[in-house]
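Peer 1: Sharing a structure here in structure tokens format.
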Amino acid sequence: MLLLGRSVVIDQDILTKDEIAREPLYNECNLKHGLAWFAGVKVWAGPTLWAMAIQRSVKEGPFTQSEKEVLGLLSRPLSEAATLSAMIGGVALTSATSALDSIGEPAVALGRHGLVLESNLAAEKLFDDELYLRNGRLFIKDRDGSRRLAQLADHLTTAPDTAPFIASPIVIRRTVRPPLIVCTLPIHGAARTPFLGARALLIFRSTGPRPGIEPALLSEVFGLTSAEARVAALVANGKCPEDIARHMNTSRATVKNQLKMVFQKTGVHRQAELVALLASFPRR
């Protein structure tokens, strides 16, 4: 709040000499590390107020009024740089969640204090009274899932930005809809700017039946006939030849012959290999 009305704050703006002499921060912390004097330069990153802190040693002495005026000249260019950094980070974060949305992957981006910075449309379709956003935070009704999410938020708050990021999947059990598995990925690149504070990307995976692959896409990629593409799409969704024959109202022998052609055209030899090959294909 002291920076709201000025560009720079130094020790003398906050405390008297007698108060500095008694202040535990100076005596029990700063002096132990050879530091004694402070200046904070106001930096705006969009609507968020930051301070660039500068510490001086005991020998260097306190900041003078003329030095304070020079430091004040830094406030505007630093604010412009910080605001631009936050904007670029926001665009990068939105691009990442939108790209995941385009392939039907629900994603939520968390900041360093566990706050939700971004969520895509696929994620919002998952929200209900057991998984929801409120006041910028993600809430989980499932007790164990909520506990694990709180642990993740604590880690994001306390761990240094440079610390290795390792997080186990979080299981969210729901009473009506299938359980969800939440995988946590670190944020990289421009979105990791400290002025945005993005730290983690949550990817939600449903354990229920998956949507099917569009057969027309398989035809285009592998040169399959329409019937072969339908067989391949059903195999990718966990169907066996008997189920496929019933579904397509044809014989099991016909399905097996079509499946052989699918194997030949896709370069695989077994159903398990075909399922693995098609696992990354976008779903309807």
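The values are calculated or read from the model by the stated rules, or taken from the named source; none is laboratory data. Small disclaimer: the values here were computed from a predicted structure and weren't measured. Every residue, glycine among them, receives a Cβ derived from its backbone with ideal geometry; neighbour counts consider all protein chains shown. To get the accessible areas, we keep the full protein, side chains included, count just its heavy atoms, and leave off ligands, DNA and RNA. Shrake-Rupley method; radii C 1.70, N 1.55, O 1.52, S 1.80 Å.
Peer 1: How many residues are closer than 30 Å to Gly208 by Cα and either touching a His at 6+ places or on another chain (Cβ under 7 Å) or open to solvent by less than 80 Å² (accessible area, probe 1.4 Å) (or both) when one looks only at the range 156-167?
Peer 2: Summing the residues that are closer than 30 Å to Gly208 by Cα and either touching a His at 6+ places or on another chain (Cβ under 7 Å) or open to solvent by less than 80 Å² (accessible area, probe 1.4 Å) (or both) in the range 156-167 gives 3.
Peer 1: Could you tell me which numbered condition Asp144 fails, if it satisfies all but one of (1) closer than 29 Å to Trp50 by Cα; (2) at pLDDT 95 or above; (3) open to solvent by 20 Å² or more (accessible area, probe 1.4 Å)?
Peer 2: (1) is the only condition that Asp144 fails.
Peer 1: Any chance the range 59-70 includes a residue that's open to solvent by less than 30 Å² (accessible area, probe 1.4 Å), over 30 Å from Ala200 (Cβ atoms) and small (Gly, Ala, Ser)?
Peer 2: Within the range 59-70, one or more residues are open to solvent by less than 30 Å² (accessible area, probe 1.4 Å), over 30 Å from Ala200 (Cβ atoms) and small (Gly, Ala, Ser).
Peer 1: Restricting attention to the range 102-118, which residues are in a strand (DSSP E or B) and either under 19 Å from Phe195 (Cα atoms) or open to solvent by 50 Å² or more (accessible area, probe 1.4 Å) (or both)?
Peer 2: Of everything in the range 102-118, those that are in a strand (DSSP E or B) and either under 19 Å from Phe195 (Cα atoms) or open to solvent by 50 Å² or more (accessible area, probe 1.4 Å) (or both) turn out to be Val108, Ala109, Leu110, Gly111, Val116, Leu117, Glu118.
Peer 1: Is it the case that Ala191 is farther than 18 Å from Ala96 by Cβ, among the small types (Gly, Ala, Ser) and in a helix (DSSP H, G or I)?
Peer 2: no
Peer 1: Another question, if that's okay. Having 2 or more residues that are of a type in the set (Val, Ile, Thr) and over 30 Å from Leu121 (Cβ atoms) is the bar; report the strands (runs of 3 or more DSSP E) wholly within the range 8-101 that clear it.
Peer 2: Filter on the range 8-101 gives 8-10, 35-45.
Peer 1: A follow-up question, please. Tally the residues that are among the basic types (Lys, Arg) and in contact (Cβ under 8 Å) with a residue 60 or more places away in the chain, restricting the search to the range 40-67. Please lay out each step first, then the result.
Peer 2: Within the range 40-67, the first condition is being among the basic types (Lys, Arg), and the residues that meet it are 42, 56, 59.
Okay, now just the ones that are also in contact (Cβ under 8 Å) with a residue 60 or more places away in the chain, so none.
Counting residues in the range 40-67 that are among the basic types (Lys, Arg) and in contact (Cβ under 8 Å) with a residue 60 or more places away in the chain gives 0.
Peer 1: Sticking with this structure for a sec: Here are Ser206, Ser251, Ser219, Ser226: which of them is under 30 Å from Leu152 (Cβ atoms), of a type in the set (Ser, Thr, Tyr) and out of contact with any Gly (no Cβ under 6 Å at 6 or more places or on another chain)?
Peer 2: None of the other options fit; the residue is Ser206.
Peer 1: Oh, and also: So which residues in the range 7-39 are open to solvent by 70 Å² or more (accessible area, probe 1.4 Å) and either in contact with a Ser or Thr (Cβ under 6 Å, 6 or more places away or on another chain) or touching a residue at least 40 places away in the same chain (Cβ under 8 Å) (or both)?
Peer 2: Listed by number, the list holds a single entry, Gln12.
Peer 1: Can you run down the residue pairs with Cβ atoms below 8 Å, 6 or more apart or on separate chains, where the first is in the range 250-266 and part of a helix (DSSP H, G or I) and the partner is among the charged types (D, E, K, R) and exposed (fewer than 15 other Cβ atoms within 10 Å of the Cβ)?
Peer 2: Listed pairs, sorted by first residue: Arg252/Glu242; Phe263/Arg270.
Peer 1: State whether the residues of the range 132-139 include one that is outside any loop (DSSP other than H, G, I, E, B) and among the polar types (S, T, N, Q).
Peer 2: Looking through the range 132-139, none of the residues is outside any loop (DSSP other than H, G, I, E, B) and among the polar types (S, T, N, Q).
Peer 1: List every residue pair whose Cβ atoms sit under 6 Å apart, with the two residues 6 or more apart in sequence or on different chains, where the first one lies in the range 68-92 and is closer than 12 Å to Trp50 by Cα and the second, anywhere, is open to solvent by 40 Å² or more (accessible area, probe 1.4 Å) and of a type in the set (S, T, N, Q).
Peer 2: Within 6 Å, the pairs are Ser75/Ser7.
Peer 1: Within the range 182-198, can you find the residues that are under 21 Å from Met52 (Cα atoms), open to solvent by less than 20 Å² (accessible area, probe 1.4 Å) and in contact with a Leu (Cβ under 8 Å, 6 or more places away or on another chain)?
Peer 2: Ala191, Gly197, Ala198
Peer 1: Can you pull out the residues in the range 228-247 that are crowded, with 16+ Cβ neighbours inside 10 Å and either in a helix (DSSP H, G or I) or at pLDDT 90 or above (or both)?
Peer 2: Within the range 228-247, Glu228, Ala229, Arg230, Val231, Ala232, Ala233, Leu234, Val235, Ala236, Pro241, Ile244, Ala245 meet the criteria.
Peer 1: Can you pull out every residue in the range 119-132 that is without any contact (Cβ under 8 Å) to a residue 40 or more places away in the chain, open to solvent by less than 70 Å² (accessible area, probe 1.4 Å) and farther than 13 Å from Leu202 by Cα?
Peer 2: Phe127, Tyr132
Peer 1: Separate question: I need the full set of residues from the range 87-101 which are β-branched (Val, Ile, Thr) and either touching a Ser or Thr at 6+ places or on another chain (Cβ under 8 Å) or open to solvent by 70 Å² or more (accessible area, probe 1.4 Å) (or both), in order please.
Peer 2: Ile88, Val91, Thr97
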